[in-house]
Amino acid sequence: MRYEELTIEGRNAVLEAFRSGKTIDKLFVLEGSQDGPIRSITREAKKHDTIVNFVTKERLDQLSETKKHQGVIAFAAAYEYADVEDMLKLAEEKGEPPFLLLLDNIEDPHNLGAIIRTANLAGAHGVIIPKRRAVGLTATVAKTSAGAINYTPVAKVTNLSKTIQELKEKGMWFVCADMDGTTMYELDLKGPIGLVIGSEGEGVGKLVKEHCDFAAAIPMAGEIDSLNASVAAGVLAYEIVRQRRQ
């Protein structure tokens, strides 16, 4: 399987990438650059809601593969993002209640890749990630997903809480992984459901947590206090699978 090149370097190449409608996750620009071409590029970035980082020349040289970056490097998504609507359609086509995974604060590409893989195997209809403070669909994510990225749609949204609210209006309900929640075996996890997973360190953000209907805890008997995010996603996703099959 081939993974598309992700780094786009040089002013014309980056501008062209924006204009052709390519999804650019992040843009790195030499701090203090204010000339015409750079202004055009940052304007395009703003239009497309791309995160712009102003960095030193050393940082750009470090990121550069061609060593001809001209003060600008873009990171493009390796795969196209889907829309949340596509996921609901997919569930409908399969005649199943929607089952989505929503990720908050997941910044490790290996975790994201592993979660996409789990989502695929557990029969989830899609994975939703936020635009900020999250890793995008990089080559590492693609590799770790073991090909699942080709089958399981991933959507990127500006505001996770707002997305949850909109999906609730369509009849979905949401459970977030939380150590202080109710033991997962005691919860009814059937029906149209969104499973919200946060990072090990921070867990699910306060605002997102407030929008969830339930908090589910995984029973733990060991000496350490938390599971890796992708493992937690797997455990909870399969409890949902088990209950759906009953």
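The values are calculated or read from the model by the stated rules, or taken from the named source; none is laboratory data. Here the structure is a predicted model, which is why all the values come from computation and not from measurement. Cβ: placed from backbone, ideal geometry, glycine included. Neighbour counts: every protein chain shown. For accessibility, only protein heavy atoms count, side chains too; no ligands or nucleic acids. Shrake-Rupley method; radii C 1.70, N 1.55, O 1.52, S 1.80 Å.
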Quick check on ALA114: is it assigned to a strand (DSSP E or B) and of a type in the set (Gly, Ala, Ser)?
no
Helices (runs of 4 or more DSSP H) lying entirely in region 139-246 (those with 3 or more residues that are among the aliphatic types (A, V, I, L, M)):
139-144, 160-169, 229-245
Scanning region 32-59 residue by residue, the ones that are of a type outside the set (A, V, I, L, M, F, W, C), over 17 Å from ARG11 (Cβ atoms) and in contact with a Lys or Arg (Cβ under 6 Å, 6 or more places away or on another chain) total 0
Filter region 161-191 down to the residues that are surrounded by 17 or more Cβ atoms within 10 Å (Cβ to Cβ) and either in contact with a Gly (Cβ under 8 Å, 6 or more places away or on another chain) or without any contact (Cβ under 8 Å) to a residue 24 or more places away in the chain (or both) and list them by number.
ILE164, LEU167, MET172, PHE174, VAL175, CYS176, ALA177, ASP178
Residue in region 135-151 that is under 17 Å from the mean Cα position of the chain (by Cα), under 22 Å from GLY201 (Cα atoms), modelled with pLDDT of 95 or more and open to solvent by 10 Å² or more (accessible area, probe 1.4 Å) present:
no
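Name the single residue, out of those in region 209-244 being touching a Cys at 6+ places or on another chain (Cβ under 8 Å) and either open to solvent by 50 Å² or more (accessible area, probe 1.4 Å) or of a type in the set (Phe, Trp, Tyr) (or both), that is nearest to LEU112 (Cα to Cα). Talk me through it step by step, then tell me what you get.
The initial filter retains those residues of region 209-244 that are touching a Cys at 6+ places or on another chain (Cβ under 8 Å), namely 209, 212, 214-216.
Keeping just the survivors that are either open to solvent by 50 Å² or more (accessible area, probe 1.4 Å) or of a type in the set (Phe, Trp, Tyr) (or both) gives 209, 214.
Working: LYS209: 20, PHE214: 23 Å.
Among those that are touching a Cys at 6+ places or on another chain (Cβ under 8 Å) and either open to solvent by 50 Å² or more (accessible area, probe 1.4 Å) or of a type in the set (Phe, Trp, Tyr) (or both), it is LYS209.
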Here the residues within region 24-78 that are free of Cβ contacts under 8 Å to residues at least 60 places away in the same chain, open to solvent by less than 80 Å² (accessible area, probe 1.4 Å) and assigned to a loop (DSSP other than H, G, I, E, B) are GLY32, SER33, ASP35, THR50, THR56, SER64, THR66
Every residue from region 96-124 that is under 16 Å from ASP86 (Cβ atoms) and crowded, with 24+ Cβ neighbours inside 10 Å:
PHE99, LEU100, LEU101, LEU102, ILE116, ALA119, ALA124
